[in-house]
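Colleague: Could you have a look at this structure, given as structure tokens, before my questions?
The values are calculated or read from the model by the stated rules, or taken from the named source; none is laboratory data. Since we're looking at a predicted model, the values are computed, not measured. Note that we place each Cβ from the backbone using ideal geometry, even for glycine, and neighbour counts take in every protein chain shown. SASA here: full protein model, heavy atoms, side chains in, ligands and nucleic acids out. Shrake-Rupley method; radii C 1.70, N 1.55, O 1.52, S 1.80 Å.
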2 protein chains.
Amino acid sequence: MSILAVGSVAFDNIATPSGRRENVLGGAATYFSLAASYFTDVRIVAVVGDDFTGEHESVLTKRGINTRGIQHANGKTFRWGGQYLDNLNEAKTDFTELNVFEKFQPQIPEEYLDSLYLFLGNIHPTLQAAVRLEMNRTRLTGGDTMNYWIQNTPKELAETLKLVNILLINDAETKMLGSDRSLPRAARKVLALGPQALVVKHGEYGATIFFREGAFGIGSHPFRAPALPIEEVQDPTGAGDSFAGGFMGYLASQGELSREVLKRALFYGGVMGSFAVERFGTERLQNLSRDEIDARFQLFRELTHLE
Amino acid sequence: MSILAVGSVAFDNIATPSGRRENVLGGAATYFSLAASYFTDVRIVAVVGDDFTGEHESVLTKRGINTRGIQHANGKTFRWGGQYLDNLNEAKTDFTELNVFEKFQPQIPEEYLDSLYLFLGNIHPTLQAAVRLEMNRTRLTGGDTMNYWIQNTPKELAETLKLVNILLINDAETKMLGSDRSLPRAARKVLALGPQALVVKHGEYGATIFFREGAFGIGSHPFRAPALPIEEVQDPTGAGDSFAGGFMGYLASQGELSREVLKRALFYGGVMGSFAVERFGTERLQNLSRDEIDARFQLFRELTHLE
């Protein structure tokens, strides 16, 4: 079933211990869409500037992603520069230029309205809510947010969280949003704000999904998928968005939402995140095969499987 | 089968977001022995001062631990003070008073010489090696070390590592000892120094075991055990030593060393670490039952189990 991703497309300058790259195609919606494209049909709504060429767009269309929803505005595309020289687990931002992204107003093409799955990337919660309300045939909505919105737009975020079925954020964001230093307690408080499930991304250590009591009718025990230890992390940028793409893309490919499907989705999320970091930018995500993905899924499974 | 633990007994002053405690019985060998005591017979070699009373010793003997090897010296027991007020994952040391531990020369009682399992706690690598060589009937030796020895006694440590079958250290120590920022590569370099297996402890995210090619005849794929998200971490002190105690204690209880046994041992390590942090000091480790331990083992197993 089709999934619609709404979020950022960007050009990134990245420095890591493995090297430096400039003007690399990135952005949350880009990583998400590429990762999800290995599982299901993907549609994207984003905004780009004059510097976004047909060549850039073909990175997405080659993977079968419907790019009708990419709005072209006058000016430059969102640009971000960051480095991971001291710590591969946390980006140090060098600069952020919002450019055309600053006035982004998502416009949903008519042909996207039948998308049964929706992913609200990390944008202003009020825009997230507007998209969700317009997509009224959607069965399942995933969402992301960040510390900036948690601190500066708590009321707007609270409204949006009532419309999100599965929130995907990291450990620090969970503790901040739940105002609790205990992860399980913070998770419970976040779930009380609306989502039926919360996926907490642990970076190189995988992710844990927490369920609201009675959510999806599948019990409330948490589940954790580990991440594979990666030989060479070249560039951590986009790992979390690729995780979300693998997770949501797999869910959309399955239709039914059982506990086992959600568990497998969490593993597929980790798989796509682990591929993403092996090369700079989206390079690795552009040229995968489903066989490679499933082989790594098996490695992941065996990594923690007790008889 | 019996296991001998050699290492520190200490009194700790601890401050965490949950409170403060002074003169709490601690030390690596104490946590290790208590955790291992739920699986097998434990013998301990350590040194204490005049301030170590019969009441302190009874914490160990009540768990059936043989304390004949605790040497009593004139002076004060090793004392450590630390806090986790800003970060539950890393202790900030307030003070370290080695006291009688500074001149610790492990003396192995005759009756301990038939111990088939040995754990060399974090002491000077030359002392570790001497103990290992004296324990010449031992079948399997586990060992710990830390950044101080990696940086200051690299040659002595290299000699000791040739005598250790399974090294248990954390992520940062692995990367330092292997001189590599990639965990899998660092692990391979550490294994090239001698140990057949390396257990890397990830704190709240569990642990991964890496194998040298052909080690134990069980294949060389790594295996990871997750840790359970803990509702309330009262005191992280001793979590790693309790992990080692659960891991080595379970191995000693099994005798044979199959891949499945090592995997289960890694889960039991995580189980004991997770209990340790629920209360200050060794409080939680003093009053467990094997039923509670096995129930948590099942929770851990289900936490990552895919059909």
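Each row is one residue, and each column tells you yes or no for (1) touching a Lys or Arg at 6+ places or on another chain (Cβ under 9 Å); (2) under 30 Å from residue B:279 (Cβ atoms).
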site: B:126; (1), (2): no, no
site: B:140; (1), (2): no, no
site: B:148; (1), (2): no, yes
site: B:154; (1), (2): no, no
site: B:160; (1), (2): yes, no
site: B:166; (1), (2): no, yes
site: B:181; (1), (2): yes, no
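Colleague: Within the range B:23-40, track down each residue that is within 18 Å of residue B:80 (Cβ to Cβ), outside any helix (DSSP H, G or I) and open to solvent by less than 20 Å² (accessible area, probe 1.4 Å).
Modeller: Selection gives B:25, B:26, B:27.
Colleague: Going by the structure shown, is residue A:231 within 21 Å of residue B:182 (Cβ to Cβ), among the acidic types (Asp, Glu) and either within 10 Å of chain B (Cβ to nearest Cβ) or open to solvent by 40 Å² or more (accessible area, probe 1.4 Å) (or both)?
Modeller: yes
Colleague: Of the residues in the range A:178-202, how many are under 16 Å from residue A:212 (Cα atoms) and either without any contact (Cβ under 8 Å) to a residue 24 or more places away in the chain or not in a loop (DSSP other than H, G, I, E, B) (or both)?
Modeller: The total comes to 15.
Colleague: Further, regarding this structure: On the basis of being surrounded by fewer than 24 Cβ atoms within 10 Å (Cβ to Cβ), more than 9 Å from chain B (Cβ to nearest Cβ) and not charged (D, E, K, R), does residue A:243 make the cut?
Modeller: Spelling it out, it is not the case that residue A:243 is surrounded by fewer than 24 Cβ atoms within 10 Å (Cβ to Cβ), more than 9 Å from chain B (Cβ to nearest Cβ) and not charged (D, E, K, R).
Colleague: Could you please tell me which pairs satisfy a Cβ distance under 8 Å, a separation of 6+ or placement on different chains, a first residue in the range B:212-224 that is more than 19 Å from residue B:193 (Cα to Cα) and at the interface with chain A (Cβ under 10 Å from one of its Cβ atoms), and a second residue that is among the β-branched types (Val, Ile, Thr) and not in a strand (DSSP E or B)?
Modeller: As it stands, the answer is B:223/A:304; B:224/A:304, since those pairs meet every condition given.
Colleague: A further question on this structure: How many residues does the range B:81-137 contain that are under 30 Å from residue A:180 (Cβ atoms) and either open to solvent by 30 Å² or more (accessible area, probe 1.4 Å) or polar (S, T, N, Q) (or both)?
Modeller: Counting residues in the range B:81-137 that are under 30 Å from residue A:180 (Cβ atoms) and either open to solvent by 30 Å² or more (accessible area, probe 1.4 Å) or polar (S, T, N, Q) (or both) gives 11.
Colleague: Take residue A:200 and tell me if it is within 11 Å of chain B (Cβ to nearest Cβ) and open to solvent by less than 40 Å² (accessible area, probe 1.4 Å).
Modeller: Yes.
Colleague: Checking residue B:237 against (1) within 13 Å of chain A (Cβ to nearest Cβ); (2) buried (at least 23 other Cβ atoms within 10 Å of the Cβ); (3) part of a loop (DSSP other than H, G, I, E, B), only one condition comes out false. Which one?
Modeller: Going through the list (1) within 13 Å of chain A (Cβ to nearest Cβ); (2) buried (at least 23 other Cβ atoms within 10 Å of the Cβ); (3) part of a loop (DSSP other than H, G, I, E, B), residue B:237 breaks only (1).
Colleague: Name the residue that is modelled with the lowest pLDDT, counting only residues in the range B:145-181 that are within 14 Å of another protein chain (Cβ to nearest Cβ) and touching a Leu at 6+ places or on another chain (Cβ under 9 Å).
Modeller: This residue is B:181.
Colleague: How do the pairs read when you match residues in the range A:97-117 that are at negative phi and part of a helix (DSSP H, G or I) with residues anywhere that are open to solvent by 80 Å² or more (accessible area, probe 1.4 Å) and of a type outside the set (A, V, I, L, M, F, W, C), using Cβ under 7 Å and keeping only pairs 6 or more apart or on different chains?
Modeller: A:100/A:76; A:111/A:68
Colleague: Against the definition (at pLDDT 95 or above, closer than 19 Å to residue B:140 by Cβ and open to solvent by less than 10 Å² (accessible area, probe 1.4 Å)), how does residue B:193 come out, yes or no?
Modeller: So residue B:193 fails the test.
Colleague: Quick check: anything in the range B:280-296 assigned to a strand (DSSP E or B), open to solvent by less than 50 Å² (accessible area, probe 1.4 Å) and within 14 Å of chain A (Cβ to nearest Cβ)?
Modeller: no
Colleague: Residue under question is residue A:253, and the condition is that it be in contact with a Phe, Trp or Tyr (Cβ under 7 Å, 6 or more places away or on another chain), more than 10 Å from chain B (Cβ to nearest Cβ), part of a helix (DSSP H, G or I) and not β-branched (Val, Ile, Thr); does it hold?
Modeller: Yes.
Colleague: Please tell me if residue A:173 is open to solvent by 70 Å² or more (accessible area, probe 1.4 Å) and either under 23 Å from residue A:222 (Cβ atoms) or over 17 Å from the mean Cα position of the chain (by Cα) (or both).
Modeller: No.
Colleague: Take residue B:301 and decide whether it is within 14 Å of chain A (Cβ to nearest Cβ) and surrounded by fewer than 19 Cβ atoms within 10 Å (Cβ to Cβ).
Modeller: Here the answer is yes, as residue B:301 does meet what is asked.
Colleague: Something else now. If residue B:274 satisfies all but one of (1) surrounded by fewer than 24 Cβ atoms within 10 Å (Cβ to Cβ); (2) within 14 Å of chain A (Cβ to nearest Cβ); (3) without any contact (Cβ under 8 Å) to a residue 60 or more places away in the chain; (4) not β-branched (Val, Ile, Thr), what's the number of the condition it fails?
Modeller: The single condition residue B:274 does not satisfy is (1).
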